[in-house]
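Worksheet for the structure shown next.
The values are calculated or read from the model by the stated rules, or taken from the named source; none is laboratory data. Small disclaimer: the values here were computed from a predicted structure and weren't measured. We place every Cβ from the backbone using ideal geometry, glycine too, and count neighbours over all the protein chains shown.
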Amino acid sequence: MQVSISSRMQKFVEEKVKAGEYASAEEVVEAGLASLEQQEQAGDFSPGELDRLLAEGEKDIAQGDLVDGEQVFLELDEQSAARRRGTGT
């Protein structure tokens with residue numbers, strides 16, 4: 001696949017490689033795409049939902065109701081997958 005990028009973005013990529021942060025232009029682009037993918041997955045909450053979940057978690061911590069972190073992430077992954085499928089939870 002070949003893509004064209006603006007001269008500003010091309011300069012940015014070249015600077016990252018020149019600074020030694022990445023070995024190649026391809027690595028810079030892959031890192032950018034990975035970041036975009038992560039943002040899209042993390043941003044898969046309806047408006048206010050993340051704030052509500054955080055407040056709920058703070059309340060649980062204050063009450064001493066703790067849960068396994070791995071279980072929480074599994075449940076969030078399941079909710080996110082359900083939203084992408086359009087089934088909701």
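For the reader, a short list of remarks on this structure follows.
- Residue list for region 36-71, filter: under 24 Å from residue 86 (Cα atoms) and of a type in the set (S, T, N, Q): 38, 39, 41, 46, 71
- Residue satisfying condition, being modelled with pLDDT of 80 or more and in contact with a helix residue (DSSP H, G or I) (Cβ under 6 Å, 6 or more places away or on another chain), within set 16, 59: 16
- Members of region 60-89 that are within 22 Å of residue 46 (Cα to Cα) and in a loop (DSSP other than H, G, I, E, B): 86, 87, 88, 89
- The set of residues in region 30-51 that are at pLDDT 85 or above and not assigned by TED's automatic domain parsing to the domain that holds residue 3 is empty.
- Selection count where residues are outside any helix (DSSP H, G or I) and either surrounded by fewer than 10 Cβ atoms within 10 Å (Cβ to Cβ) or of a type in the set (Asp, Glu) (or both), scope region 24-58: 5
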